[in-house]
1. Could you give the length gained on full extension between Q99 and D71, defined as 0.36 nm per residue of separation minus the Cα-Cα distance, in nm?
2. Considering the zone a paramagnetic label at S113 would reach in this model (a point 7 Å from Cα along the Cα-to-Cβ line), which residues of the range 182-201 have amide N under 20 Å from it?
3. Quick one: what Rg and Dmax do you get for the range 98-202 from the alpha carbons, in Å?
4. What are the extents of the Cα atoms of the chain along their three principal axes, listed from largest to smallest and rounded to whole Å?
5. I'd like the FRET efficiency for R213 and S6, computed as 1/(1 + (r/R0)^6) with the beta carbon distance as r and R0 of 30 Å, rounded to 0.05.
6. Mean residue ellipticity at 222 nm from the helices of the chain, using -39,500 (n - 2.57) per DSSP H segment of n ≥ 4 over the full residue count, to the nearest 500 deg cm²/dmol?
7. Give, in nm to one decimal, the length gained when the segment between A88 and E188 is fully stretched (0.36 nm per residue of separation minus the Cα-Cα distance).
8. Extension gain K225-H132, at 0.36 nm per residue separation less the Cα-Cα distance, in nm?
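Just so it is clear, none of the values below were taken in a lab; they were calculated from the coordinates. Note that the coordinates shown come from a computational prediction; the quantities given were computed from them, not determined experimentally. Cβ: placed from backbone, ideal geometry, glycine included. Neighbour counts: every protein chain shown.
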Amino acid sequence: MVEIYSYGDFVEGLLAAGFALGGSNAEGIYTLVPWDWREQPPYDTPVRWHTGDPETDPWEWRIRVLTERDDIAYGKVFFKKSGYITRAWYPYFLAARRQGRTLFEAYEEGQVSREAKRVYEALLAADSLPAHELKRRAGFSSQEKAPFERALTELQMRLYITVCGRQQKRSQTGEGYGWPSAAFCTAERFWGCGLFREADALSPREAEEAIARQVYRLNPEAPPKKVQKFIRG
């Protein structure tokens with residue numbers, strides 16, 4: 001077990017691992033903070049969930065890595081739940097999941113839903129958008145929360161979009177109000193073209209094999225079926 005005492009330890013551990021589930025549940029694969037807000041850590045550490053302390057609250061770290069670094073992505077990328085993927089490993093997941101297909105190619109092949117395509121097209125027209133504004137621009141009504149959330153998750157799982165920060169709603173005078181919501185951008189905008197050229201140089205098979213080897217290095221007892229689902233999304 002990698003012991004985590006601060007945000008710096010978390011980043012160091014994540015960069016060494018390459019990827020991790022974002023919450024306390026490792027889903028049989030790997031997480032760096034394997035306890036939730038109701039549990040005592042298995043070792044003596046100040047790290048606690050939902051305290052608001054940016055140094056010791058894992059909930060705050062998901063935004064810190066996005067605002068302070070350019071080598072870690074965060075979003076719903078594993079088992080439709082939150083997770084982290086470092087820049088070093090993102091090309092492997094791209095090769096395994098997207099297999100060189102654009103969203104529009106995947107849509108034509110029936111691999112992407114119509115709702116996800118609507119969200120993606122709305123996001124393409126902007127550098128980034130908070131969820132509440134993206135929902136409006138994609139034409140989802142206030143009663144269509146569930147299909148919009150499913151589309152967001154689908155796009156994140158297939159690595160077409162990613163979380164790139166958070167933003168409050170704005171009043172007519174431009175003042176922020178309410179709880180901030182996650183902001184999204186395309187994976188291409190988040191990473192740049194160089195990373196995608198690296199992904200194109202990998203075959204899906206070699207990418208999957210490389211990820212599987214790393215999973216078993218981190219967790220030799222990971223169930224094979226879970227590992228395959230973890231890799232392929």
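1. Details: separation 28, 0.36 × 28 = 10.08 nm, distance 2.16 nm.
That works out to 7.9 nm of additional length.
2. Zone members listed by number: 182-187.
3. 14.6, 49
4. 48, 45, 31
5. Details: r = 29 Å, r/R0 = 0.97.
The value I calculate is 0.55.
6. Numbers: 11 runs with 104 residues, N = 233.
About -13000 deg cm²/dmol.
7. Details: separation 100, 0.36 × 100 = 36.00 nm, distance 1.52 nm.
Extending this stretch completely gives an extra 34.5 nm.
8. Working: separation 93, 0.36 × 93 = 33.48 nm, distance 3.57 nm.
Extra length from K225 to H132 when fully extended: 29.9 nm.
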